[in-house]
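Some notes on the structure that comes next.
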Amino acid sequence: MRLEELFIVDGDVHVHESPAALAEYAPDPWDVALREIAKIPERYMDLPGLSPHGELSIPFPGGLERDTTVTSAAEMHEELAELHIDRAVLFPDHLLMIAKLPNADWAGSVARAYNQWLEEQWLAEKDSLLGAIVVAPQDPAGSAADIRRHAGRNGWRCVYLPACAVEPLYGHRSYDPVYEAACETGLPVVLHSVTTVHPVFPFQLHAFESASARHSVAHPWAMMANLTSMMETGVFVRYPDLQVAVMEAGMSWMPFLMMRLDKEFSEHRRAMPALKKRPSEYLAGVYVGTQPIEEPPRRGDLLKVIELFDGEDRLVYASDWPHHDFDHPQFVAGYPFDDEMRRNVMGLNAARLFGIDVPEGPYA
């Protein structure tokens with residue numbers, strides 16, 4: 001099946017927000033701070049006060065760095081069209097690190113500035129580009145208000161929860177205002193991870209000697225910890241209408257987490273009194289992004305993994321464009337799916353998750 005025959009929805013594409021651009025949408029004194037940050041030579045997702053990365057890696061050529069070449073909605077639309085991507089959900093670059101910012105007022109103001117900037121400069125320009133409302137976990141009440149402010153306007157399709165370096169984890173009841181706003185507006189919440197060294201979570205990433213080692217474990221660890229936290233405090237029970245998705249962690253960890261939590265639940269059911277059924281039954285409703293897609297020596301083995309978590313109707317194609325490790329749609333579509341599963345994974349599952357209309361044609 002050719003890409004032209006598929007309706008392709010990319011669940012994870014990144015814009016590169018500059019501090020100077022965000023300053024135009026931030027109130028005093030935070031606009032002044034953003035303009036000061038803009039004076040610092042640009043480093044990829046590593047700017048003091050905005051994206052405090054804490055990178056420890058040896059700077060060999062290539063690797064995790066990339067040139068920031070996509071500077072406008074029109075340019076992004078053209079690049080995605082060349083990849084045969086019909087719709088794309090946009091996530092930030094620098095604000096992948098927003099959970100690390102210690103000042104709640106600063107974090108909340110930056111998140112609101114980004115959301116307004118994205119709506120006016122990107123979502124209003126191209127219908128193919130869809131938005132993820134940035135939540136500042138330091139400011140759940142302010143974030144809930146921003147969700148209500150933007151929902152239903154100019155292509156917003158989900159709420160973005162930064163999964164790495166977040167404290168407390170997302171089962172904590174302080175985030176209830178965010179979940180209430182998401183349910184009220186009908187927007188799914190999407191946990192998106194990033195590799196970053198943090199003193200609390202993910203644990204002991206500083207002990208690894210290479211970026212590859214940190215990158216291998218940080219993303220799935222962040223998802224497993226946050227989903228376990230949400231499970232033990234009953235988020236899935238208290239908010240039965242809440243749709244949850246995870247991006248940029250691959251998928252092979254999901255069957256492990258389902259089986260592990262079911263085992264604990266069978267032995268210590270009273271420790272999770274909020275749950276009305278096995279943890280795996282709640283996790284079966286979580287949508288999972290493909291990127292970075294696992295590449296077993298026998299590609300068909302990945303279908304066995306997908307079957308273990310009933311992923312045919314929950315797996316969402318994600319490219320991570322334009323980051324260094326993006327997955328081309330041709331590569332993912334080339335896995336040995338049958339035609340129905342290929343249509344689901346490459347676009348129809350995402351259309352259902354994000355409330356995207358599927359054009360008439362051979363796609364459904």
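The values are calculated or read from the model by the stated rules, or taken from the named source; none is laboratory data. None of the values given here were measured: they were computed from a predicted structure. For neighbour counting, all protein chains shown are included, and Cβ atoms are generated from backbone atoms with ideal geometry for every residue, glycine included.
Return the residues of the range 152-184 that are of a type in the set (Ser, Thr, Tyr), surrounded by 17 or more Cβ atoms within 10 Å (Cβ to Cβ) and outside any loop (DSSP other than H, G, I, E, B); say none if nothing qualifies.
Within the range 152-184, Tyr160, Tyr175, Tyr179 qualify.
When the residues of the range 17-45 are filtered to those that are touching an Asp or Glu at 6+ places or on another chain (Cβ under 6 Å) and at pLDDT below 95, which remaining residue is surrounded by the fewest Cβ atoms within 10 Å (Cβ to Cβ)?
Among them, the one singled out is Tyr44.
Does Ile85 fit the bill of being more than 27 Å from Pro137 (Cα to Cα), surrounded by 21 or more Cβ atoms within 10 Å (Cβ to Cβ) and at pLDDT 95 or above?
Against the criterion (more than 27 Å from Pro137 (Cα to Cα), surrounded by 21 or more Cβ atoms within 10 Å (Cβ to Cβ) and at pLDDT 95 or above), Ile85 qualifies.
Could we say that Glu307 is over 17 Å from Gly171 (Cα atoms) and assigned to a loop (DSSP other than H, G, I, E, B) here?
Considered against the rule, which asks whether it is over 17 Å from Gly171 (Cα atoms) and assigned to a loop (DSSP other than H, G, I, E, B), Glu307 comes out as no.
For the range 189-214, what are the residues that are crowded, with 18+ Cβ neighbours inside 10 Å and either of a type outside the set (A, V, I, L, M, F, W, C) or modelled with pLDDT of 95 or more (or both)?
Those that are crowded, with 18+ Cβ neighbours inside 10 Å and either of a type outside the set (A, V, I, L, M, F, W, C) or modelled with pLDDT of 95 or more (or both): Val189, Val190, Leu191, His192, Ser193, Thr195, Thr196, His198, Pro202, Arg214.
For residues in the range 25-59 being aliphatic (A, V, I, L, M) and assigned to a loop (DSSP other than H, G, I, E, B), which is nearest to His94 (Cα to Cα)?
Checked the range 25-59; the qualifying residue nearest to His94 (Cα to Cα) is Met45.
Quick grid of which residues meet (1) of a type outside the set (Gly, Ala, Ser); (2) outside any helix (DSSP H, G or I):
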site: Phe201; (1), (2): yes, yes
site: Ser212; (1), (2): no, no
site: Ala222; (1), (2): no, no
site: Asn226; (1), (2): yes, no
site: Ser229; (1), (2): no, no
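Let me spell it out: the conditions are (1) surrounded by fewer than 24 Cβ atoms within 10 Å (Cβ to Cβ); (2) in contact (Cβ under 8 Å) with a residue 60 or more places away in the chain, and Gly142 meets all of them except one. Which number is the exception?
Of the numbered conditions (1) surrounded by fewer than 24 Cβ atoms within 10 Å (Cβ to Cβ); (2) in contact (Cβ under 8 Å) with a residue 60 or more places away in the chain, the odd one out for Gly142 is (2).
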